[in-house]
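One structure is given here, and the rest of the page talks about it.
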Amino acid sequence: MRIGELEEHFQLELEEIYDIDESKALFSLAAENVLKLSPSKLKMIRDISLSFIDFQKLLSILNDLKIGKPIQHILGEAHFYGSIFKVNEHVLIPRPETEELVDWVIHDLAGRADIQVLDIGTGSGCIPISIKKYLPQVKVTTIDISSRAIATAQENANMINTDVKFIEADILTYKTDLKFDVIVSNPPYIRALEKEAMHQNVLSFEPHIALFVTDDEPLIFYSKIADFALSNLNNNGLLYFEINEYLGDETLNMLKDKGLDTIELRKDMQGKDRMVKVLVNR
Ligand code: GLN
């Protein structure tokens, strides 16, 4: 079968769960991985026939996609901010919204030397590793409650050749004398009441500990991290959060109640309230 024909076969077989653009993107990721090709190369060779082995590999990926498995779990990797990260069932698949947060931090910190950055709840390590990759002069530490997530993030740090320090701890109880200049976090923020609107493949395959908070305390991580920032950030420190799109006002009010000034609430590329930057003066 030719590559272009198989792409059409993917669209047909996946039409119940994915629209045409999504199917095309999924086919492209699968084919890039199996054939070791760049997306532009792939477009040029649509008429070439697949070898039997590559054809079988791509069909097996298609079967996994049909049961709703995320492509990143099937391939064991995810693209994030110009790097490829290993992912598995112990970590959240890095999202494009988080790339926007990382982009914000990297632009703000460019040119600053000798500063300490802490990422809280690292998962795959996508945030701290990307920061360190593009700002090698910055010292980067990260914490996560899950030893398996840390093992995955450590592998990613090695693979991407970045020097990041890892701490295994629960941010809800963690205390330290270490001081930082910048804290970044994309903590769990989805309320149980939002579950119904979510894709089955997220619910079935991604770690719930990384996604969910209770309906009565949806800002628990933000509040704890803000307290931590008040005690562990140097003066004029910065705190960056990815936030729940429905809880922008609540998040800002909670921060204000603690005496923290939000410098900016930013929307993501879909126009949803998605990240905040806070100045921490003590
Ligand atoms: N920091 C990681 C990410 O942004 C993990 C986030 C999480 O598990 N809540 O992907």
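Here, each number is a calculation from the coordinates, and none is a lab measurement. Because the structure is a prediction, the values reported are computed rather than measured. Here the Cβ is made from the backbone with ideal geometry for all residues, glycine too, and neighbour counts use every protein chain on show.
Points to keep in mind about this one:
- Listed pairs Lys139/Lys258; Lys86/Lys258; Lys195/Lys256; Lys179/Lys267 exceeding 32 Å between Cα atoms: Lys86/Lys258
- For the chain: relative contact order, % (alpha-carbon pairs under 8 angstrom, 6 or more apart): 14
- Global form of the range 120-228, assessed from the alpha-carbon gyration tensor, a/c cut-off 1.5: oblate
- Beta bridges per DSSP with both ends in the chain, % antiparallel, nearest 5: 45
- Label-point gap, in nm, between Leu37 and Glu250 - each point 7 angstrom along Cα→Cβ: 4.7
- Beta bridges from DSSP with both residues in the range 185-282: antiparallel share about 80 percent, rounded to the nearest 5.
- Kirkwood-type hydrodynamic radius, the chain: 20.2 Å, calculated from all non-identical alpha-carbon pairs.
- Taking 18 Å as the straight-line reach from the Cα of Lys175, the lysines in range (excluding those fewer than 8 positions away in the same chain) are Lys165, Lys224.
- Within straight-line cross-link reach of Lys36, aspartates and glutamates at Cα separation under 12 Å, skipping those fewer than 8 residues along the same chain: Asp54
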